[in-house]
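What follows is one structure encoded as structure tokens, with my remarks underneath.
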Protein chains: 2
Amino acid sequence: MQSGVDEELDKNQINLSKLSEIQENNGELRIAKRMLSGLTPVEIANLINSSPPKNRRYLWEIIDQESHADILRELPEEVAAQFVETMDSRQVAELTEELDVDDAADILQHLPDQVMQQALAVMSAQNRARLETVLSYEEDTAGGLMDTDVITVRPRFTLDVVLRYLRRHEEIPPSTDQLVVVNSDNVYLGMLSMSKLLTSDPNMSVREIMRTDVEAIPVDMDDAKVAQLFEQNNWILAPVVNAQGQVVGRITIDDVVDVIIENAEHSLMGLSGDEDTFAPTMKTTPRRAIWLGVNLLTAILASSVINIFQDTIEKVVALAVLMPIVASMGGVAGSQTLTVVVRGMALGKIGSSNRKWLLFREISSGLMNGVLWAVTLGVLTAWWFDDIKIALIIGIAIIINLLVAAIGGTLLPSLLKRMGIDPALAGGVALTTITDVVGFMSFLGLATLFYR
Amino acid sequence: MQSGVDEELDKNQINLSKLSEIQENNGELRIAKRMLSGLTPVEIANLINSSPPKNRRYLWEIIDQESHADILRELPEEVAAQFVETMDSRQVAELTEELDVDDAADILQHLPDQVMQQALAVMSAQNRARLETVLSYEEDTAGGLMDTDVITVRPRFTLDVVLRYLRRHEEIPPSTDQLVVVNSDNVYLGMLSMSKLLTSDPNMSVREIMRTDVEAIPVDMDDAKVAQLFEQNNWILAPVVNAQGQVVGRITIDDVVDVIIENAEHSLMGLSGDEDTFAPTMKTTPRRAIWLGVNLLTAILASSVINIFQDTIEKVVALAVLMPIVASMGGVAGSQTLTVVVRGMALGKIGSSNRKWLLFREISSGLMNGVLWAVTLGVLTAWWFDDIKIALIIGIAIIINLLVAAIGGTLLPSLLKRMGIDPALAGGVALTTITDVVGFMSFLGLATLFYR
């Protein structure tokens, strides 16, 4: 069985090699088309997603136009948008009619503003109206995450009526483990689990078995908070409501996974959570350049600290050899603390009542590791440079920097948050800047005192 | 509504402050107990999870013994094990009877070996047998992730029979959006979606509407691969089979989310994916010490490169001031490439057929960013140190290091993987070591040539 699934995964690579070959030899279009016709839309989407830009365009062109919508639905938005960009406004407008409104909105959001406006202009009034509603939500809110195809039922229905109602539905959207219960004004009342629905007496009413302890998600809630609620409650599906409490959509766990990944990554360094692996150079380069620029500024700041101590370094060159070690140990220790604290904050576990304990734990841990590595490095340095003084200096500097890393890693995230800056995004750079500056400052400063 | 959910999240913090107060004043036990009695097991578990060790023990002691099992089920395994450790073997044995076998196994796995063996020894033979089966799977495989409570049905059943069978079941496990279809030997045949079951004609047979295109997960599959399959296919639930193809369990998306987080984190630096925020100092310190030790080794390696160039630095101290910038820019650029490549590999998108394209993209992107920042930094340096030579040197070194970062970031992960090392875990350190060494080597080496 193991090999069965391995084969499944490798099929992609085999298909890719075959296609590249066909394309390079500029022919056998029939073979390529026959190959594709044996694949499902999900498989074709995976194939496109694993291909460099040129092969993607080739694949796209040889696919039957009729299956375009089915494949776009399965592609990451950014990749889908690349194909839609090449269509004319009328084609885009037609396509959006075939897609679910949330998929269509996601793709439109990735198009250049002008292209999107043109497509909206040629749409039917009805299609435009439903799209504009979804487009009006910010991308990083519950509204930006949600799907709009919710199945709602009324509390007074009997389960038998619900079951017959579902049977009339052509298809229940995937990941539907709960139905949403609303009143006649579409205001959210509670949740009805499919399991309960199946296992209860069909003559009971929805009201009798629905859960009312699950709160709905406000449409303007931050997506990080949505992820937090999903993680804490192990939800598969949650309803989304507007300011009037009316149900406007649903969020499912697969929508949330990307957000969870983005929060888990310590700092994305100019990459987005669902980064397209095969984005063209001109797309990836500017994004990364910004982050490199930020890093340059912080590196220059650290360098200007070293600059102060030029005279001392000139006297004792060994300092230049050893100083990166002090900075780097502080950087790693700081990241360790920061990771735990940012993650704990994202899960809502850290507040004023336990931050003091956490700070104490981090300081003790930092002190213990500080002493351990100060002694280790001190002995090594004494042996390497045959100089007790420099061994003593580096030991003290390590302890200072690991303590600063512990304190900074614990307190910086809430400080950043209060300043309206996302600690998951900026915490890493900010803290490394601190540990670099403190590392160089303490090590070179102490040396200046000792080697006067 | 927004404030409603905010309150929900803050309730934890309010409860925590109240409890700490009660505990510190050493009394009003009644008030604390009454407070807890108003909370659900999930809420109490969240409260415990957000508390430092001392408060956790206090909470645990004042909770009704009867609800212990319900609360343990909701706690992270590591935290649950802390409480179970304080029980005697007989209590542990009794507790495992109340828990689901997978929850019980997870907790047992976190106990000291001796405690676990003693508990197994006093269990009923039946309980011990079912636990030992689950304990025999490695923790980082499908077997270690799975639950064992699978609902299976036979292909010849009519849907009506299935519905009646479900109704007899007391409770369907959460996240069940699919039933597993097996033959009389319990061998996996296909999946029956709950939605299909609800919306199809009850007189049809399971065979007619089941899906047979979903492959089951082998019990020994690596958990990272399991996560990859869930992400690619947007699964909620997947069946797990043994070597004979028999269904032995099921994995649900909430089990997989932790694995996804672990894969997304670039390097955990001595932290586990579901790290307990409030683990005591003696638990966190050794784990982190190991990673700090690894970092020390790589930092010393970089320092020994600087050591070669002591004479040059003595002549031109500005080199010591500027050299961290070259290393740090390479480190960030390398991490950017590494993140994209490791993530792409985890999703099975990168193989021999497209690695060449990816390498080309990364080199072009590295070159463009290299030239951009070489010029910027060159101009800055020329102005800062009033020295064209050093500006030229740093520019060339930046370009070299960014190219090495691009090549290393693209090729290192598959190299590590072929050596049996997890690139998500070790890639970061390995690459930073390379960019540090190359950064110092190129910058100081060029300087030695230029300033001879």
Q: Report, by residue number, each residue of the stretch A:289-309 that is of a type outside the set (G, A, S) and over 21 Å from B:F385 (Cβ atoms).
A: A:I290, A:W291, A:L292, A:V294
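Look at B:S442 and say whether it is within 37 Å of the chain's Cα centre (by Cα) and within 13 Å of chain A (Cβ to nearest Cβ). I'd like the intermediate steps shown before the answer.
On the way: within 37 Å of the chain's Cα centre (by Cα): yes; within 13 Å of chain A (Cβ to nearest Cβ): no.
So B:S442 fails the test.
Among the residues of the stretch A:203-220, write down those that are surrounded by 21 or more Cβ atoms within 10 Å (Cβ to Cβ) and facing chain B (nearest Cβ under 8 Å). Explain how you work it out, then say what you get.
In the first step, residues of the stretch A:203-220 are kept if they are surrounded by 21 or more Cβ atoms within 10 Å (Cβ to Cβ); the result is A:206, A:210, A:216-219.
Selection gives A:A216, A:I217, A:P218.
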Q | the stretch A:186-196, residues that are under 13 Å from A:P239 (Cα atoms) and either out of contact with any Pro (no Cβ under 8 Å at 6 or more places or on another chain) or touching a residue at least 60 places away in the same chain (Cβ under 8 Å) (or both) | A | A:N186, A:V187, A:L192, A:S193
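Take the residues in the stretch B:221-240 that are more than 9 Å from chain A (Cβ to nearest Cβ) and touching a strand residue (DSSP E or B) at 6+ places or on another chain (Cβ under 7 Å), then tell me which one is surrounded by the fewest Cβ atoms within 10 Å (Cβ to Cβ).
Restricting attention to the stretch B:221-240, the residues satisfying the condition of being more than 9 Å from chain A (Cβ to nearest Cβ) are B:222-224, B:226-227, B:237-240.
Applying the additional criterion that residues be touching a strand residue (DSSP E or B) at 6+ places or on another chain (Cβ under 7 Å) yields B:222-223, B:226, B:237-240.
Working: B:D222: 16, B:D223: 23, B:V226: 27, B:L237: 24, B:A238: 24, B:P239: 25, B:V240: 29.
By that ranking, first place goes to B:D222.
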(Q) So, in the stretch B:319-333, exactly how many residues are more than 8 Å from every other protein chain (Cβ to nearest Cβ) and either over 15 Å from B:M441 (Cβ atoms) or of a type in the set (V, I, T) (or both)? (A) 1
Q. What single numbered condition from (1) surrounded by 17 or more Cβ atoms within 10 Å (Cβ to Cβ); (2) over 20 Å from B:D436 (Cβ atoms); (3) at the interface with chain A (Cβ under 9 Å from one of its Cβ atoms); (4) in contact (Cβ under 8 Å) with a residue 12 or more places away in the chain fails to hold for B:S353?
A. (4)
Q | Candidates B:T277, B:T281, filtered to the one that is facing another protein chain (nearest Cβ under 7 Å) and either among the aromatic types (F, W, Y) or crowded, with 19+ Cβ neighbours inside 10 Å (or both) | A | B:T277
Q. Mind checking whether some residue in the stretch B:207-227 is outside any loop (DSSP other than H, G, I, E, B), at pLDDT below 90, more than 27 Å from A:I71 (Cα to Cα) and not aliphatic (A, V, I, L, M)?
A. yes
Q | Residue within the stretch A:130-152 that is surrounded by 15 or more Cβ atoms within 10 Å (Cβ to Cβ) and farther than 30 Å from A:G190 by Cα present | A | no
Q | Out of A:L322, A:L347, A:L358, sole residue that is without any contact (Cβ under 8 Å) to a residue 60 or more places away in the chain and of a type outside the set (G, A, S) | A | A:L358
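Considering only residues that are within 32 Å of the chain's Cα centre (by Cα) and more than 8 Å from every other protein chain (Cβ to nearest Cβ), look in the stretch B:149-172 and name the one that is modelled with the highest pLDDT. Before you say what the answer is, go through the steps one by one.
From the stretch B:149-172, those within 32 Å of the chain's Cα centre (by Cα) are B:149-152, B:171-172; that's our starting set.
Applying the additional criterion that residues be more than 8 Å from every other protein chain (Cβ to nearest Cβ) yields B:149-152.
Details: B:D149: 79, B:V150: 86, B:I151: 87, B:T152: 91.
Filtering first and then ranking leaves B:T152.
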Q | the stretch B:241-260: number of residues that are within 21 Å of B:A424 (Cβ to Cβ) and either in contact with a strand residue (DSSP E or B) (Cβ under 6 Å, 6 or more places away or on another chain) or of a type in the set (K, R) (or both) | A | 1
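Does B:K349 fit the bill of being within 35 Å of the chain's Cα centre (by Cα) and of a type in the set (K, R)? Break it down into steps so the answer makes sense when it comes.
Details: within 35 Å of the chain's Cα centre (by Cα): yes; of a type in the set (K, R): yes.
Answer is yes for this residue.
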Q.
Just to confirm my filter: which helices (runs of 4 or more DSSP H) fall fully inside the stretch B:1-99 and include at least 1 residues that are at pLDDT below 65 and under 23 Å from A:L359 (Cα atoms)?
A. B:2-24
Q.
Looking only at the stretch B:209-261, count every residue that is free of Cβ contacts under 8 Å to residues at least 40 places away in the same chain and either on the phi < 0 side of the Ramachandran plot or not assigned by TED's automatic domain parsing to the domain that holds B:V182 (or both) and tell me the total.
A. 18
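Looking at the stretch A:393-427, which of the residues that are in a helix (DSSP H, G or I) and without any contact (Cβ under 8 Å) to a residue 24 or more places away in the chain is surrounded by the fewest Cβ atoms within 10 Å (Cβ to Cβ)? Explain how you work it out, then say what you get.
If we filter the stretch A:393-427 for residues that are in a helix (DSSP H, G or I), which is where we start, we get A:393-418, A:423-427.
Cutting the leftovers down to without any contact (Cβ under 8 Å) to a residue 24 or more places away in the chain gives us A:395, A:415-416, A:418.
Details: A:G395: 22, A:L415: 13, A:L416: 19, A:R418: 8.
Filtering the stretch A:393-427 for residues that are in a helix (DSSP H, G or I) and without any contact (Cβ under 8 Å) to a residue 24 or more places away in the chain, the one surrounded by the fewest Cβ atoms within 10 Å (Cβ to Cβ) comes out as A:R418.
Could you tell me which of the residues B:L111, B:L163 is out of contact with any His (no Cβ under 9 Å at 6 or more places or on another chain) and closer than 24 Å to B:L189 by Cβ?
On the way: B:L111 fails: closer than 24 Å to B:L189 by Cβ.
B:L163 is the lone residue from the list that is out of contact with any His (no Cβ under 9 Å at 6 or more places or on another chain) and closer than 24 Å to B:L189 by Cβ.
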**Q.** Residue identified as within 8 Å of chain B (Cβ to nearest Cβ), under 29 Å from A:S364 (Cβ atoms), out of contact with any strand residue (DSSP E or B) (no Cβ under 7 Å at 6 or more places or on another chain) and among the hydrophobic types (A, V, I, L, M, F, W, C) among A:A302, A:A346
**A.** A:A302
Q | Selected residue (only one of A:T176, A:T199 is modelled with pLDDT under 85, surrounded by 15 or more Cβ atoms within 10 Å (Cβ to Cβ) and within 21 Å of A:N234 (Cα to Cα)) | A | A:T176
Q: Among the helices (runs of 4 or more DSSP H) lying completely within the stretch B:100-179, list those that include at least 1 residues that are under 30 Å from B:Q228 (Cβ atoms) and free of Cβ contacts under 8 Å to residues at least 24 places away in the same chain.
A: B:125-135
Q) Is there a residue being within 19 Å of B:G428 (Cβ to Cβ), more than 7 Å from chain A (Cβ to nearest Cβ), in contact (Cβ under 8 Å) with a residue 40 or more places away in the chain and not in a helix (DSSP H, G or I) anywhere in the stretch B:362-376? A) no
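Select from the stretch A:131-144 the residues that are in contact with a Ser or Thr (Cβ under 9 Å, 6 or more places away or on another chain) and of a type in the set (A, V, I, L, M, F, W, C) and list them in ascending order. I'd like the intermediate steps shown before the answer.
Step one: list which residues in the stretch A:131-144 are in contact with a Ser or Thr (Cβ under 9 Å, 6 or more places away or on another chain), which gives A:131, A:133-134, A:143.
Listed by number, the residues that qualify are A:L131, A:V134.
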Q. Does any residue of the stretch B:427-437 turn out to be more than 30 Å from B:E314 (Cα to Cα) and out of contact with any helix residue (DSSP H, G or I) (no Cβ under 6 Å at 6 or more places or on another chain)?
A. yes
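I'd like the full set of residues that are among the hydrophobic types (A, V, I, L, M, F, W, C) and either at the interface with another protein chain (Cβ under 7 Å from one of its Cβ atoms) or over 28 Å from the mean Cα position of the chain (by Cα) (or both), limited to the stretch A:173-182.
If we filter the stretch A:173-182 for residues that are among the hydrophobic types (A, V, I, L, M, F, W, C), which is where we start, we get A:179-182.
Once the filter is applied, which keeps residues that are among the hydrophobic types (A, V, I, L, M, F, W, C) and either at the interface with another protein chain (Cβ under 7 Å from one of its Cβ atoms) or over 28 Å from the mean Cα position of the chain (by Cα) (or both), the stretch A:173-182 yields A:V181, A:V182.
The values are calculated or read from the model by the stated rules, or taken from the named source; none is laboratory data. Small disclaimer: the values here were computed from a predicted structure and weren't measured. Heads up, the Cβs are rebuilt from the backbone with ideal geometry, glycines too, and the neighbour counts pull from every protein chain shown.
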